[in-house]
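Here the structure comes first, spelled out in structure tokens, and everything after it is commentary.
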Amino acid sequence: MTQLRELLAVEAGSFRLDKVDPRGTPGLPDSKAVRKDPKAWAREAVSSIGTELAAYQEKLFASAKSERTDRRVLLLLQAMDCGGKDGTVRSVFAGLNPTGVEAVSFGPPTDEEKQHDFLWRIERALPAVGHVGVFNRSQYEDVLVVRVHGLVPEDVWSQRYEQINAFETAQAEAGLTLVKVMLHISPEEQRQRLLDRLDDPTKFWKYNPGDVDERARWDDYQEAYQAALTRCSTEANPWFVVPADRKWYRNWAVATLLRDAMAAVDPGYPPADFDVEAERQRVRALSQGI
Ligand code: AMP
Ligand code: MG
């Protein structure tokens, strides 16, 4: 079977975002269970992938403790408003040990962040060795919202693609496995999700009137995404575009991409750095009480 990552990876030379169907479900196994109830199947699959993720995470964490690895893993999520970044994190990370997870969201730069290069806050937020990180928005905002709104001049943002590539390449050499995912929704789906938020008082906190103004710039954003995806999809750090109108497919696809990345870096469990048999004897020799 073709690996999901091959189906969803952005080919820098030929990729067209407008050719990706946000309602698509590429790479879904063709089985009776999937045909019968894809949502139930995906829920089950994501839960069992979660068990695998937890095992990989534990081995990564253990290896870092014994200094056997310099690896860290980072899932980077980008999407239009209502694209499902938060929901994806909740679903994909549900089974992981919070001790080894670092989740970071990026909003407009603070006064302090503005004093520095745009990659400053990103580098500081990278996961520690042995940890799994997730970015809700990222360095790419600096070629997305910043480009669409002209927050810096074009000769500044236009150089950032190469700066991002150089940064990500250096981080890859320093042990970072980066899984870059764009959750791709349709404007119809975004509209529906905005309406859903307005229909449900428990979702008002997620509603941002500014999102409606941003939506008016949909085409500009798609163009900015097209540029970021194609200019920054590299051999070491490819972009993946996940059709995201169907939440169950989105969760399954992102969980699978992360699982495959973690399988590739799996350092295994560290061996004991003590004499196991001698320790067993010592423990056995202990009296039952103190
Ligand atoms: P939310 O993810 O809904 O909390 O919104 C975060 C907001 O921060 C979005 O409107 C982003 O466009 C904005 N944002 C994130 N990074 C930047 C940046 N580097 N420059 C300007 N705005 C940003
Ligand atoms: Mg928002």
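Rule-based calculations on the coordinates, nothing more; no lab input. No experiment lies behind these values; they were computed from the predicted model shown. FYI the Cβ positions are ideal-geometry reconstructions off the backbone, even for glycines, and counts take in every protein chain you see.
Here is the list for the range 10-44: trypsin sites (Lys or Arg not before Pro) lying in DSSP coil, each with at most 11 other C-beta atoms within 10 angstrom of its C-beta, are 16.
Each peptide in 25-31, 197-203 gets a packing score, the mean of other Cβ atoms within 10 Å over its residues, and the list from highest to lowest is 25-31, 197-203. Computed from the Cβ-Cβ distance with R0 of 25 Å, the FRET efficiency linking residue 35 to residue 263 stands at 0.40. Rounded to the nearest 20, the Cβ-based charge dipole of the chain about its Cα centre (Lys and Arg +1, Asp and Glu -1) stands at 1120 debye.
When you count the other C-beta atoms within 10 angstrom of each residue and take the mean per peptide, 72-83, 216-227 line up highest first as 72-83, 216-227. Hey, which lysines would be in cross-link range of residue 206, C-alpha to C-alpha under 28 Å, not counting anything within fewer than 8 residues on its own chain? By straight Cα distance, residue 206 reaches 39, 85, 114, 180, 247.
Grab the DSSP H runs of the chain that are 4 residues or longer, score each as -39,500 (n - 2.57), total them, divide by all residues and round the 222 nm result to the nearest 500 deg cm²/dmol. The helix-only estimate for the chain comes to -14500 deg cm²/dmol at 222 nm.
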